[in-house]
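Take a look at the structure below.
Since every read-out is calculated from the coordinates, none of them should be taken as a lab result. Just so it is clear, the structure is predicted and the values come from calculations on it, not from any experiment. Cβ sites come from the backbone with ideal geometry, for glycine too, and all protein chains shown count toward neighbours.
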Amino acid sequence: MNLRFTEEQEMMRKMVRDFAQTEIAPFVEKMEQGEFPREILRKMGDLGLMGIPIPEKYGGSEMDFTSYIIAIHELSRVSATVGVILSVHTSVGTNPILYFGTEEQKQKYVPKLASGEYLGAFCLTEPSAGSDAGSLKSRAVKDGDHYVINGSKVFITNGREADVYIVFASTNPELGSKGVSAFIVEKDAPGLVFGKDEHKMGLHGSRTLQLTFEDMRVPAENLLSNEGEGFKIAMANLDAGRIGIAAQALGIAEAAFEAAADYAKERVQFGKPIAAQQGIGFKLADMATNVEAAKLLIYRAAELRQRGIKCGLEASMAKLFASRTAVEVTTEAIQVFGGYGYTEEYPVERYFRDAKITEIYEGTSEIQRIVISKQL
Ligand code: CAA
């Protein structure tokens, strides 16, 4: 494994870091109040960030997968909200079409997604099918040149804001997960009903919606691949998606560590900076070590993915470790700040609230352990 980033990758890191500082940081407070970062996404589209690993032929920037992971990592240091929007849009909102779509579907949707004109979303989870995604109940029935879809979805990131939804519904319930099919659904599809916008603990600028399909009519040509291939499409794209969420967790953890280290060097108690007191110094040492370990797992998984090597195991290990690290490091960061860390005056309470979801979405830590143990 090459542990050095290329010049191009370092340029991506610098560009995204500058963008996050100048364009996103001033908007964080508005996102905390619930505002969706539409204008930031438009600027990201102008910079080619909405289609980083997408081939130029389909309007993307055609950069390597590691550069894409660098972008999520860097964005999430400033805003985990923007990090997750980009990750969902690319990994599971755009890639299913790129990898499993017909040439016609790719031409129709991918350039608009890659340029940021369209935002993507992924509709797998249902009220009674979360971790057990293969048991979903949404039903798609062929009716002439359309499918009619009924059912409901929950926790849909980018819901309402997205223009294109990858929807999973069963075309043959008797076959269980082998009866699941995937469809490209446009925002204005008749019968697509947007429901409750969840009030979340963190990620306040990102939308998380319930959706219902009420005799939703989708042209038959919008079926992705073949009937019954949907579950595999979901799983295959989640492999890469999980590296993106791991990078989001890494960004949060790194930001929390840096804030805690800076504060510990300034805050004087008992006559010296708290960083020089062993209790805090050891804490910072553990935080930094875990952040570094998460980074190595993530960039190794990204490199495997870039080389086209199967990386489901490594992606799950990276997500499992990085999300735990984010939760632990943000908790410890608040401890380092003491009472100040519990106030909104410092960003560590936001990092703490944003971190927890990384252990839940795109497969809980328990699901990552299932994926890992099955492959050992
Ligand atoms: N790639 C390709 N195919 C795969 C695969 C992968 N990574 N993983 C499984 N499959 C295939 C299997 O090969 C199998 O097919 P065959 O029988 O033909 O071999 C089929 O899928 C079923 O596999 P399993 O028997 O392993 O399936 P399972 O029902 O036991 O479930 C699971 C496996 C890993 C638990 C899966 O249900 C899972 O990942 N659950 C978590 C769901 C999840 O991650 N949801 C995230 C929602 S999206 C989100 O959160 C986005 C957001 O907002 C941030």
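Here is how the numbers come out for the structure above:
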{"item": "Under the Debye formula (equal points on every Cα, no solvent term), log10 I(q)/I(0) of region 231-374 at q = 0.10 Å⁻¹", "result": "-0.37"}
{"item": "Dimensions in Å of region 103-251 - Rg and Dmax from alpha carbons", "result": "14.9, 48"}
{"item": "Rounded FRET efficiency, nearest 0.05, which uses the C-beta distance separating Gln269 from Thr212 and R0 of 51 Å", "result": "0.40"}
{"item": "Region 224-285: projected area of the alpha-carbon convex hull, averaged over directions, in nm²", "result": "5.6"}
{"item": "Isotropic mean projected area of the C-alpha convex hull, the chain (nm²)", "result": "18.5"}
{"item": "Span from the region 96-167 Cα centroid across to the region 2-41 one, whole angstrom", "result": "27"}
{"item": "Whole-number Å³ per residue for the convex hull built on Cα positions in region 324-375", "result": "63"}
{"item": "Length released on extending from Asn226 to His199, taking residue separation times 0.36 nm less the Cα-Cα span", "result": "6.1 nm"}
{"item": "Label-zone membership for region 61-94, site Glu29, 7 angstrom Cα→C-beta point, backbone N under 12 Å", "result": "none"}
{"item": "Two-site FRET efficiency, Lys187 against Arg13, from Cβ-Cβ distance with R₀ of 45 Å, rounded to 0.05", "result": "0.85"}
{"item": "Residues listed by number, region 171-200, amide nitrogen under 19 Å from Ser128 label point at 7 Å toward C-beta", "result": "171-181"}
{"item": "Inter-label distance for Glu344 and Lys108, nm, one decimal - labels placed 7 Å from Cα along Cα-to-Cβ", "result": "4.5"}
{"item": "Fraction of alpha-carbon pairs over 17 Å apart in region 91-130 - percent", "result": "34"}
{"item": "Glu56/Leu3 FRET efficiency (R0 35 Å; Cβ-Cβ; nearest 0.05)", "result": "0.80"}
{"item": "Debye, to nearest 20: dipole size of region 7-119, +1 on Lys, Arg Cβ, -1 on Asp, Glu Cβ", "result": "220"}
{"item": "Lys/Arg +1, Asp/Glu -1 at C-beta; the chain dipole; positive extreme among Gly363, Leu192, Leu113", "result": "Gly363"}
